[in-house]
Amino acid sequence: MHIKSAEFITSNSDAAKCPKDRLPEYAFIGRSNVGKSSLINMLTSRKSLAKTSGRPGKTQLINHFLINHDWFLVDLPGYGYAKVSKSIKKVFQKFITQYLEQREQLVTAFVLVDIRHKPQPVDQDFMQYLGEKGIPFSIIFTKADKLKPKAIDNHVEDYKNILLETWEEMPNYFITSSSKDIGKEEVLQYIDSLNQS
Ligand code: GDP
């Protein structure tokens with residue numbers, strides 16, 4: 001997919017105030033500092049559509065970006081670094097779960113995971129929650145440039161082993177690096193295929 005236009009439309013903390021358009025939406029979410037803003041900038045080929053920073057927890061709103069006048073890229077707030085698994089309701093603000101559970105336009109959520117880390121309880125719980133609510137999701141592994149190919153395979157394998165304890169199959173996943181422009185076409189093609197179906 002060629003990105004011809006990408007524009008910021010709204011920020012808000014109320015799922016009911018999101019754009020009224022019936023266009024398909026794709027949400028991006030993950031732990032703070034996972035590389036979400038960098039990934040959004042890579043996907044849209046814009047240097048600072050989403051703000052990047054080294055400071056965790058900066059984006060605390062639901063941000064809608066209109067892409068090609070055809071679909072919305074939705075940047076959701078990053079969630080915390082909970083070491084001990086907490087209930088999803090405690091990790092997320094209410095408006096995020098309301099958005100995920102009630103937004104009819106949401107086609108799929110992309111859960112971003114830093115490829116360097118072992119599966120984290122908070123990420124697993126979030127995927128579990130999405131599954132229980134019947135919200136389709138894919139995994140985007142970020143920062144792949146930080147690992148050698150063999151280590152990438154091993155980390156993906158760790159994820160598969162853990163997820164296959166509760167899931168019948170591994171969700172769709174993508175390996176990306178915003179610094180090295182890896183995985184962009186795959187993610188965009190996937191969105192394109194869902195938009196066509
Ligand atoms: P966010 O908080 O999830 O939006 O994360 P950012 O996009 O702001 O990135 C957090 C930090 O990770 C920044 O210091 C980025 O430069 C760095 N980062 C993001 N993506 C990549 C990547 O693909 N490779 C590497 N090596 N660093 C990255």
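The values are calculated or read from the model by the stated rules, or taken from the named source; none is laboratory data. Note that this is a predicted model, so its numbers are computed, not measured. Here the Cβ positions follow ideal geometry from the backbone for every residue, glycine too, while neighbour counts run over all protein chains shown.
Criterion applied to K143, K184 was being modelled with pLDDT of 95 or more, basic (K, R), surrounded by 13 or more Cβ atoms within 10 Å (Cβ to Cβ) and in contact with a Gly (Cβ under 9 Å, 6 or more places away or on another chain), and the one residue passing it is K143.
Taking the criterion of being within 11 Å of the ligand (Cβ to nearest atom), part of a loop (DSSP other than H, G, I, E, B) and touching a residue at least 12 places away in the same chain (Cβ under 8 Å), would at least one residue in region 24-32 satisfy it? There is at least one residue in region 24-32 that is within 11 Å of the ligand (Cβ to nearest atom), part of a loop (DSSP other than H, G, I, E, B) and touching a residue at least 12 places away in the same chain (Cβ under 8 Å). Taking the condition modelled with pLDDT under 90 and not in a loop (DSSP other than H, G, I, E, B), does K90 pass? So K90 passes the test.
When the helices (runs of 4 or more DSSP H) confined to region 113-197 are screened for residues that are under 13 Å from the mean Cα position of the chain (by Cα), those reaching at least 1 such residues are found at 121-133, 184-196. Check whether at least one residue in region 122-140 is within 17 Å of S37 (Cβ to Cβ) and touching a strand residue (DSSP E or B) at 6+ places or on another chain (Cβ under 9 Å), and report yes or no. There is at least one residue in region 122-140 that is within 17 Å of S37 (Cβ to Cβ) and touching a strand residue (DSSP E or B) at 6+ places or on another chain (Cβ under 9 Å). Condition first: out of contact with any Gly (no Cβ under 6 Å at 6 or more places or on another chain), more than 19 Å from A109 (Cβ to Cβ) and modelled with pLDDT of 75 or more. Can you find one or more residues in region 60-68 that meet it? Within region 60-68, one or more residues are out of contact with any Gly (no Cβ under 6 Å at 6 or more places or on another chain), more than 19 Å from A109 (Cβ to Cβ) and modelled with pLDDT of 75 or more.
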